[in-house]
Amino acid sequence: MNYPGHLLVGIIFGAVFALAIGAEPFLFGSIVFVAAFSALVPDIDHDSSKMRQWADLGVPICAFLFSYSAICDGVMCGAENWHPILVNTLAITGLYMIVITYMKPRHRGITHTLAAAGAYGVAIWFFSDWMFGVAGLLGYLSHLFADRMAKLV
Ligand SMILES: [Zn+2]
């Protein structure tokens, strides 16, 4: 199944959960967003997936922001410390490229298991709260569910 299909199934799973807990509009939207995003995560193991395209773009940007905030505490300091910031950014980006290129799990391998879904849900719960943890878990599970269905049809 390609990404619009997964996105749709993730939105449905998220909306059902948000309805079930009676979320008010803002929370409803946030839950649906988390579930929809999570429905795309398992295909990070696929070279041409939407998730990979986002990660390839997002990782260098996040690496830069992380390096900047780790090394600097003001806007001006970036000009003086551009060298360590650059080295740090390239190091993190390089690590990501090595992992994704040489240690990439085979498609529909480890990222397409219930264990991965559980670990993912717990990680989101840990960094936000239980509702987003459940939304993330449901979105992730919706992906496994949709892949299974697509195989049967
Ligand atoms: Zn998949």
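Values quoted throughout were computed directly from the atomic coordinates according to the rules given, and no laboratory measurement underlies them. Computed from a prediction, not measured in an experiment: that's the story for all the values here. Virtual Cβ from ideal backbone geometry, glycine too; neighbours counted across all protein chains shown.
In this structure, is ILE21 more than 29 Å from LEU152 (Cβ to Cβ), touching a residue at least 40 places away in the same chain (Cβ under 8 Å), surrounded by fewer than 21 Cβ atoms within 10 Å (Cβ to Cβ) and more than 16 Å from the ligand (Cβ to nearest atom)? In short, yes. Among all positions in segment 44-67, there is at least one residue which is within 21 Å of GLY109 (Cβ to Cβ) and away from the ligand (no atom under 16 Å from the Cβ). The numbered conditions (1) within 16 Å of the ligand (Cβ to nearest atom); (2) among the aliphatic types (A, V, I, L, M); (3) in contact with a Gly (Cβ under 8 Å, 6 or more places away or on another chain) are all true for ILE124 except (1). Among the residues of segment 109-120, are any closer than 28 Å to VAL9 by Cβ, away from the ligand (no atom under 16 Å from the Cβ) and either surrounded by 12 or more Cβ atoms within 10 Å (Cβ to Cβ) or free of Cβ contacts under 8 Å to residues at least 60 places away in the same chain (or both)? Yes, that holds for at least one residue.
Can you report the number of residues in segment 116-153 which are part of a helix (DSSP H, G or I) and under 16 Å from the mean Cα position of the chain (by Cα)? Residues meeting the conditions: 25.
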